[in-house]
């Protein structure tokens, strides 16, 4: 099982389950929170890349937002049906990205990802195990 986040049918984040190789993987119930904020004092290359306010006012909105996942609660047992192949996202077709999806994901990482904790040795002198597995 993997976690994938998509925008307009393009994968923008893929969390592979590599627990068998010593990497951590989110296994507890999660929620997705979306917000729009000015993080240019810390989030954009450590505050080096600033917002160009000459383009203001900025307009942003969420449209056609959809989440597919397993509904869970604190009262469910650890052995619940979230990993069931009865869910469309757990079937074979969705276990790996296609070549086109992989190319699109690599393009997103190359052209839009501004931070990768796997390259931040100042913050993480000992990188997490999953960094060696990508």
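Quick one: residue 43 ticks every box in (1) surrounded by 10 or more Cβ atoms within 10 Å (Cβ to Cβ); (2) at pLDDT 80 or above bar one, so which box is it? Tallying (1) surrounded by 10 or more Cβ atoms within 10 Å (Cβ to Cβ); (2) at pLDDT 80 or above, residue 43 fails exactly one: (2). Among the residues making up region 27-45, those that are under 18 Å from residue 116 (Cβ atoms) and touching a residue at least 12 places away in the same chain (Cβ under 8 Å) are 43, 44, 45. Take the conditions in contact (Cβ under 8 Å) with a residue 24 or more places away in the chain and not in a loop (DSSP other than H, G, I, E, B) and apply them to residue 12. Does it pass? The answer is yes for residue 12. The residue list 77, 81 contains one member that is more than 18 Å from residue 14 (Cβ to Cβ), surrounded by 10 or more Cβ atoms within 10 Å (Cβ to Cβ) and modelled with pLDDT under 85, which is 81.
Scan region 84-102 for residues that are modelled with pLDDT of 90 or more and either part of a loop (DSSP other than H, G, I, E, B) or surrounded by 11 or more Cβ atoms within 10 Å (Cβ to Cβ) (or both) and jot them down.
Across region 84-102, the qualifying residues are 97, 98, 101, 102.
Please count how many residues of region 48-74 are modelled with pLDDT under 80, surrounded by 11 or more Cβ atoms within 10 Å (Cβ to Cβ) and under 22 Å from residue 114 (Cβ atoms). The total comes to 0.
Scanning region 103-124 for residues that are part of a helix (DSSP H, G or I), out of contact with any helix residue (DSSP H, G or I) (no Cβ under 9 Å at 6 or more places or on another chain) and surrounded by 10 or more Cβ atoms within 10 Å (Cβ to Cβ) yields a count of 7. The number of residues in region 1-20 being touching a helix residue (DSSP H, G or I) at 6+ places or on another chain (Cβ under 6 Å) and over 16 Å from residue 89 (Cβ atoms) comes to 3. Of the numbered criteria (1) without any contact (Cβ under 8 Å) to a residue 24 or more places away in the chain; (2) farther than 28 Å from residue 122 by Cβ; (3) in contact with a strand residue (DSSP E or B) (Cβ under 8 Å, 6 or more places away or on another chain), the one residue 71 fails is (3). Against the conditions (1) modelled with pLDDT of 85 or more; (2) surrounded by 12 or more Cβ atoms within 10 Å (Cβ to Cβ); (3) not in a loop (DSSP other than H, G, I, E, B), residue 127 satisfies every one except (3).
The values are calculated or read from the model by the stated rules, or taken from the named source; none is laboratory data. The structure presented is a predicted model; accordingly, all values stated were derived computationally and were not measured. As a convention, Cβ positions derive from the backbone with ideal geometry for all residues, glycine included, and neighbour counts pool all protein chains shown.
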